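Scroll down for the structure; my scribbles are underneath it.
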Amino acid sequence: MSVLLLLPYQPHLCCCLIKNCTITSSSDRNNTHVTSDTLLLNTTNDFDEANEAKRILLSASELLDIHSHDAQFVCGWLIDEVINGYFWMLEHFNSHVLYIPSTTMLVIERNHSTRRLWEDRGEGINDSTLIIAPWNPTNYHWLLIAIDIQNRNILYLNPLENTNTSSLPPQANQAFTMMTGFLKNKMKIEESEWRLVCPPHILQEDNSSCGVYVCHYAAQLVKNELLTVPASAMLLRKWLQKEIGSCTLDNDNEKN
């Protein structure tokens with residue numbers, strides 16, 4: 001039996017399909033209707049799609065059916081609709097958490113206005129202690145930016161590497177610069193108060209699971225749990241499917 005989920009609509013260019021089901025953006029900008037059985041994932045074209053499909057238990061006929069709906073869909077990566085939906089869930093069920101959609105991260109990257117972000121939270125944003133933000137600056141690879149408000153730490157997590165703060169890659173410096181500017185404008189916290197932190201974390205071992213690991217990192221940070229406990233990509237895919245499938249519209253849980 002499929003589960004119905006309502007997620008806030010985030011504009012994007014792709015349609016995400018789920019095995020036997022579809023995610024579609026409604027004309028109402030406030031909601032996206034999502035049903036979930038088995039997540040299918042989106043990736044680049046530089047690997048064997050047929051083998052990747054087999055790895056995530058997707059038959060050739062199912063793959064062909066998906067391509068009939070979306071010719072650009074390839075097995076592998078999670079696309080923005082799934083990631084934003086999961087981050088929305090983390091915010092919705094955890095009162096200390098704020099999330100920034102991946103589309104808004106691109107707005108921040110371009111130094112444009114984010115006035116409407118968190119409008120519905122009002123003064124409640126001042127009670128939050130953690131901000132989580134999926135970021136895909138290259139359109140090929142997901143990163144996680146997390147903000148520990150109390151300790152004034154901006155966390156940078158790349159699923160492909162554990163970054164040494166003594167030799168930061170350009171994207172880490174870019175993330176720090178754009179987020180300190182954003183936080184000054186949005187939360188009136190001076191840029192000089194922040195420091196960049198690159199915590200140790202488990203890494204993806206393939207070329208298609210960065211989005212899955214970014215969701216995992218975010219969940220671990222929300223629960224204040226370790227980022228270094230080993231977990232395979234397939235295990236995390238199954239975990240994420242279960243997490244999204246367990247969130248139902250009629251399950252009116254209170255925030256923790």
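Annotations for the structure displayed:
- For the stretch 112-211, the relative contact order comes to 26 percent (Cα pairs under 8 Å, sequence separation of at least 6).
- His96 accessible area, 1.4 Å probe, all protein chains in place, Å² to nearest 10: 60
- Cα centroid separation, the stretch 120-141 to the stretch 153-210: 13 Å.
- 5 Å-binned pair-distance histogram of the stretch 101-164 (Cα, whole percent): 4, 14, 21, 25, 22, 9, 5, 1
- Solvent exposure, largest accessible area first (probe 1.4 Å, DNA, RNA and ligands not counted), of Met234, Met89: Met234, Met89
- Computed over protein heavy atoms with a 1.4 Å probe, the accessible surface of the stretch 73-185 works out to 41 Å² per residue.
- Extents of the stretch 147-256, largest first, come to 42, 36, 20 Å (Cα atoms, principal axes, whole angstrom).
- Calculated over the stretch 80-186: convex hull of Cα atoms, volume per residue (Å³): 110
- The stretch 52-170 - percent of accessible surface contributed by carbon and sulfur, probe 1.4 Å: 49
The values are calculated or read from the model by the stated rules, or taken from the named source; none is laboratory data. Because the structure is a prediction, the values reported are computed rather than measured. Protein only, heavy atoms only, side chains kept; ligands, DNA and RNA dropped before computing areas. Shrake-Rupley method; radii C 1.70, N 1.55, O 1.52, S 1.80 Å.
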